[in-house]
Each structure stands twice: as C-alpha cells, then as structure tokens.
C-alpha cells in the first residue's frame, strides 16, 4: 500500500493532509485539550477521525469543519461518529466561526491544521476571538516557535506580535514526523492559544498594527528608519523613545503598538 494511504484514504497533497496514527501522541493531545461534555467544541480538519473519536468519547457531540468531500462523506457514514457530528463541508478560511457561538458556550477550537495555510487560518480564527475560550492546534514546529518568540530573536516577527497581542501563546508539545502518515518533512508542535479577556495596552486599529508589522518585517535587516520611512519620520520614532537605527526584531510589542497608534493618528500624506 502507498505510504500516502492511511485507513484506505489516499492523502491529498493539495489539502496538506498528514494523518496522525500514534495512539500515545493522540492521547496526550486530547489530554491537553481536555474536552468536557456540553462544551462548544469545533474541530478543523477532522480527517480520518484520529482526534475526533477520543474527543467525542469524552465530550459527546461536536462540530467539525472539513473541506475534503470524500472525508466529509466518510464521517457522515461513520458507524460511531456520525450521530455525534455536525459537519460543515467548507473551507475553514471561509467559514464564519462566529455562527457557532452561543452566549453561554464559548468556542473551543482544535485541529491538525494543514501546514500550507496555517498562518492565514490563524489570522482568520483570531478575528473571532471574542467568541473563543481557547484553541489547540497541531502546526509546523517552526510556526509555533515564531508564534511564541520574543524580541531580539530571529524567529520574532509579525506572527509573534499579532498572535501575542491577541492571545496567550502556550507551546504544549513537539511531535516528530513518525507520528503521521504520510510523515511530513518537518517536526510538528501543539500550541494552546487563549484569547486575552482584556488588553492592557490596546492598539487604536488592529489593521494598522498589522500593516506596521508587515512593513517592518518585509525586509527585516533594514533599520526601522528605512523600513518605516513612508509611514513615520525618524524624528517621530525618536519622540516615541525609539532609536532609528534599531532593527525590527529589537522592538517590543508595546513599541509596535506605539508606532501603530502614531501612524493611525498622524498619517503621512
């Protein structure tokens, strides 16, 4: 049987499918999620049900978002799972997760995310953070490292700032390629994201913060004087307590918030 086939299903490269098959790893992931009966649980990309089955065992009914029509059909006819699942056959990048929110039941979202769309999907999910209790995701380890990185490191960047501004980022565990079929060419990791209930230093405009980060890290070896020259002057940077010869990775999240608020309030013509 092909190494890309698992439980009779041929993994589809365009969907970035790598299926978990290590029971000990699966058990540790489910323990980290800690699903409870009656919770508003949503799984992204249930695939062949490696996480779905033990989560349903613990929690009962859940919702799943699955783009692959063959896998969605398989779940609809699963002898155990079918009656416990509400299946949304749609691209998670286009799905309105807010539609599943209930006033007394915040969303608990989890899944083994396709690595080829993980960053845009995280940004999409963060747009629903007001409805979310927590999120647990399997991602490429490099992505989790970037999410959790602090200033003055090579992995610190837009993803670090935009994620940490909105969430507590908790790396949970690292998982080797051998836990998957087919095995990916990189290590994976589980991350827990817990949206902040309150942000002590709020930015005026989240989109401006995103643009400032994009501008800064688009050419991260430039000084901030040069990377920001179309957005904010060197004198203005100094007025914010920033040395214009710093590199983008030298600025803290609060520094980026200060720049974004200045840009928002003083747009260059």
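Between residue 268 and residue 21, the modelled labels are 5.5 nm apart [label points 7 Å from Cα along Cα→Cβ]. Taking every DSSP beta bridge that has both ends in the chain, the antiparallel portion is near 50%.
From the alpha carbon centroid of segment 211-269 to that of segment 163-185 is 31 Å.
Just want to confirm a number: the relative contact order over segment 113-181, from Cα pairs under 8 angstrom separated by 6+ residues, in percent. So the answer I get is 26 percent. Remark: the Cα gyration tensor places segment 206-265 in the rounded category, a/c being less than 1.5. Of 164, 133, 198, which is the most mobile in a GNM of the chain whose springs link Cα atoms less than 10 angstrom apart? Fluctuation is largest for 198.
When the Cα convex hull of the chain is projected onto planes of every orientation, the mean area is 15.4 nm². If I fit a long axis through the Cα atoms of helix 206-218 and take the longest principal axis of the Cα atoms of the chain, what angle between them do I get, 0 to 90°, rounded to 10? Once rounded, one gets 80 degrees.
Working note: 222 nm ellipticity from helices only, DSSP H runs with n ≥ 4, each -39,500 (n - 2.57), summed and divided by the residues of the chain, gives -9500 deg cm²/dmol to the nearest 500. Fewest-first ordering of 102, 147, 173, 162 by other beta carbons within 10 Å of each residue's beta carbon gives 102, 173, 162, 147. The relative contact order of the chain comes to 16 percent, based on Cα pairs under 8 Å that sit 6 or more residues apart. If a paramagnetic tag sat 7 Å from the Cα of residue 201 along the Cα-Cβ line, which residues of segment 225-266 would have the backbone N under 13 Å from that point? From segment 225-266, the list is 240-242, 251-262. Springs between alpha-carbon pairs under 10 angstrom, Gaussian network model over the chain: which of 24, 216, 59 fluctuates most? Its mean-square fluctuation being the largest, the pick is 24.
Relative to the first principal axis of the alpha-carbon coordinates of the chain, what is the inclination of helix 253-265, with its axis defined by its Cα atoms, in degrees from 0 to 90 and to the nearest 10? With both axes taken from Cα atoms, the answer is about 70 degrees.
Every number in this text was worked out from the coordinates using simple rules, so none of it is lab data. Note that the structure is predicted; figures quoted are calculated from it, not measured. Positions of Cβ are backbone-derived with ideal geometry, glycine not excepted, and every protein chain shown enters the neighbour counts.
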